[in-house]
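Please treat every number below as a calculation from the coordinates, not as lab data. Everything quoted here is computed from the prediction, not taken from an experiment. Don't worry about glycine lacking a Cβ; one is built from the backbone with ideal geometry, like all the others, and counts go over all protein chains shown.
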Amino acid sequence: MTLLEFQRRMAEDVSRPLTAGFMMQEVGPDGSSVAESVANYVKPNGRLSSFERLEIYNRQYWFRLIAAVSEDFPALNAMLGPKRFDELILNYLEENPSTSFNLRDLGAQLPSWLEDHPEFTGAHLDLAVDVARLEWAYIEAFDRAAMPPLDETDLAALQPTSVLALQPHLQLLALRYAAEKVVLAVHKNKPDVDIVSSAVIERKTSRQVRLPKPRRSLTYLVVHRYQNSVYYRRIDRGAFLLLSAIREGKPLAIVVDKAFCQSGLLPSARAKKIRQYFVHAAELGWLIANPA
Amino acid sequence: MKSTTVHNLALAAAFAGLLGGTSARLNAQTTAQNSAPSANAGLILVAQNQAPALPKHSCKGKNDCKGQGGGDAKHAGKNSCKGKGACATDGSKTPKV
Amino acid sequence: MPANRFNAFTDYGVGIGLRVPHYDHILSQKPVVDWFEIISENYMVGGGHALKVLDQILDQYRVVQHGVSMYFGSAQPLNREHLRRLKELTKRTNTPWLSDHLCWGSVDGRYTHDLLPLPYTFEAIRATAARIREVQDFLEIPIAVENVSSYAEFHESEMTEWEFLNEVVHAADCGILLDVNNIYVSSQNHGFDPMEYVNAVAPDRVAQIHIAGHSKFERYTLDTHDHPVLDPVWKLYARAIERVGPTATLLEWDDNIPTFDEVHAEALKANRYRPEGNADALPLPMEEREEVEA
């Protein structure tokens, strides 16, 4: 067996889904004995069989991945309940193994995957997807890059044909529910720090959260970072369309038309709104020079 | 003709907004540099009459090199992986420096 | 001997791993700590809180990078994007040396995020050494490879773990991050004498030493990093220091993390075994230190 063959074989065994009792499966997908197959390359010792020794890695693989992705979706967990949430995470990870060296990226596909798997959310698919999208947007806003915002020199060079860009950390969301109410309710109940003192062993545990039940209503949100903290900011449809056009790389002359493409607002009211959108975006440092 | 006027009005509003917002941000930065920490740039957000939501952040130190999932087979199960995450901490608090 | 080309001729004392629950304490209390080790991957992001804290730490402390996902022993080519981002971070931290594990963990673009043991074969030596050399050449800083805790042994192995380690570091011309807790954990799981391992390691290549706590279960021992260092591990540490000299030492504590003071006090126990140290000694403040010139 070459090193590569060895690693492919072990990776397959280590990442094989666990049983319902969180143990290594005894039968492989082709009906063969996993114990026999593992014994071909793992030595037993006086206390553990080859199967049991590899089982440590098999369980460790799943426990690490489950923990890593679960901690990024606490509100989805609270909303669905631990039983349904665990089932969802396991299925997600089976279909979406890690393809990044960084565990930080593990949950990236969960919102879109969830959209295609209503069986894990019951009657609340749309709200669950919105909550998952918002929780992932939070991760992105937390640690993606922040570039220098537009300054007076950049402004002096602006033309109607100029193309601006949005901060890489800024996330634009069009949601079907006010999902931030659910997320904030869960965050409010999380402990600030989790230090275990040998003097005080008792750990703070989060209380049972009473979740709000938002009504269905289109919600536009900017999730962004300001002074290294993440904020959710509600915006209106016009601002959403305008910022989306900037993100798509449209020149300013097109951006201003996009904001009210189907609106009956009077020109003066539109102009007032557009001015307001740009004031807020520039004030919060959301706009940057086009990196291209 | 009318639509060109509307378009130009919108464009002028965009430039005015960009100028106004950028000046406000730069002024706030200058104010913050010259005043006590309590009067720092956080005032921009407050001034906008929309209370910023500040959720706490879970730990972002996911990557580590410890083992987990311990316990002999008979003690294993769902509970073993609870609270055994790579990191069970909260890193949201802005350092007070 | 403690300052050598594998740790860029530095002479670091006893440090601890930088962990999120201690950020506030470190930044507000500014405790005297000889150095911090960071997990590189946790700071390989575009921006935000983690990097801001890191920059503040870098203003006041010495920092060394430790990675968990380079997988020197993987049989396939290195991930160039990973390397590029790692180099970017080394420029930020100015880490004098960089460590990662003697293990594998990814294949065909899928990552296990675990430190999987290698079969101790000549093919694995060649493949691993080649990757270490490539990383070292790309990053342009000394690399130290760490022995991992393991729970399985393989029929394919042709030598002991310590023979494998020595062969790899010789072929790669790199340093060793000697984790004496990992040696102990593996010795319990595989039934070898841990002292034989410590006695066999090439002393002139040891760039750094790790200490940590582990958990003993009925039928195996797990490297959990959630306890103080246990006596058998201190014994191995004492012997390692005897052979290698007072080398840069770091305590890892990753789960059930106690207060900063508790972690630091546990780390400083290492001074009992260091010729110039004593149990209560705090390291010198930054301005009073002199580094050994290259």
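Provide a whole-number value for the mean count of partner chain Cβ atoms within 10 Å of the Cβ atoms in peptide C:144-155. Each step should come with its number before you reach the end.
Numbers: counts 0, 0, 1, 0, 2, 3, 4, 11, 16, 6, 7, 7.
For peptide C:144-155, the averaged partner shielding equals 5.
Taking other Cβ within 10 Å of each residue's Cβ, how do B:65, A:261 sort, fewest first?
Lowest to highest Cβ neighbour count: A:261, B:65.
What aspartates and glutamates does residue A:181 reach when the alpha-carbon gap must be under 14 Å and sequence neighbours fewer than 8 apart in one chain are set aside?
A:130, A:135
So, R0 is 41 Å and r is the distance between the beta-carbons of residue A:189 and residue C:91; what FRET efficiency does that work out to, to 0.05?
Using R0 = 41 Å, I get an efficiency of 0.50.
Could you list log10 I(q)/I(0) for chain C at q = 0.10, 0.16 Å⁻¹, which the Debye formula gives when each Cα is one point scatterer?
Per q value, in the given order, log10 I(q)/I(0) is -0.50, -1.41.
Taking 1 over the mean of 1/r across every pair of different Cα atoms in chain A, what Kirkwood radius in Å do you get?
Numbers: mean 1/r = 0.0442 Å⁻¹.
Here the Kirkwood hydrodynamic radius works out to 22.6 Å.
What is the list of residues in the range B:1-30 whose amide nitrogen lies under 15 Å from a point 7 angstrom out from the Cα of residue A:247, following Cα to Cβ?
The answer is none.
For residue C:205, what is the net charge nearby, where nearby means another residue's Cβ is under 10 Å from its Cβ and Lys, Arg count +1, Asp, Glu -1?
In short, -1.
When the expected Rg is taken as 2.2 N^0.38 Å, what fraction or multiple of it is the alpha-carbon Rg of the range C:160-288?
1.08
Which three lengths, in whole Å and largest first, does the range C:1-49 cover when its Cα atoms are put on their principal axes?
Here the Cα extents, ordered largest to smallest, are 38, 27, 12 Å.
Counting DSSP beta bridges with both partners in the protein assembly as shown, what percentage is antiparallel, nearest 5?
Here the share of antiparallel DSSP bridges comes out near 50 percent.
Give the average, rounded to an integer, of partner chain Cβ atoms located within 10 angstrom of each Cβ in C:26-37.
1
How much of the calculated P(r) for the range A:71-174 lies past 19 Å, in percent of all Cα pairs?
52
Considering only the other residues whose Cβ falls under 15 Å of the Cβ of residue A:237, what net charge follows from Lys and Arg at +1 and Asp and Glu at -1?
Here the charged neighbours net out to +4.
For C:215, C:69, what's the fewest-to-most ordering of other Cβ within 10 Å of each Cβ?
Starting with the residue having the fewest Cβ neighbours, the order is C:215, C:69.
Which residue, chosen from C:135, C:56, C:188, occupies the Cα position most advanced towards the positive end of the dipole of the range C:5-278, where the dipole is computed from +1 (Lys, Arg) and -1 (Asp, Glu) charges on Cβ about the Cα centre?
C:56
Counting DSSP beta bridges with both partners in chain C, what percentage is antiparallel, nearest 5?
Rounded to the nearest five, the antiparallel share is 15 percent.
Consider just the alpha-carbon atoms of the protein assembly as shown and return their Rg together with their Dmax, both in angstrom.
Here Rg and the maximum Cα pair distance are 27.2, 90 Å.
May I ask for the net charge around residue C:135, where only other residues with Cβ less than 15 Å from the Cβ of residue C:135 are counted and Lys, Arg are +1 while Asp, Glu are -1? Before the final figure, lay out the partial values.
Details: positive: C:80, C:84, C:85, C:87, C:131, C:133; negative: C:41, C:81, C:88, C:100, C:134, C:137, C:140, C:146, C:173.
Neighbour charge sum, excluding residue C:135 itself: -3.
Among A:33, A:229, rank each residue by its count of other Cβ atoms within 10 Å, from fewest to most, as a rough exposure measure.
Ranked by crowding around the Cβ, least crowded first: A:33, A:229.
Going out from 0 in 5 Å bins, what whole percent of all Cα-Cα distances in the range C:210-266 drops into each bin?
4, 17, 26, 24, 16, 9, 3, 0
Can you give the average number of partner chain beta-carbon atoms within 10 Å of each beta-carbon in peptide A:281-291, as a whole number?
Mean inter-chain Cβ contacts per residue within 10 Å come to 4.
Using only the Cα atoms, what convex hull volume per residue in Å³ does the range C:30-109 have?
On the way: hull volume 7.9 nm³, N = 80.
Dividing the Cα hull volume of the range C:30-109 by its residues yields 99 Å³.
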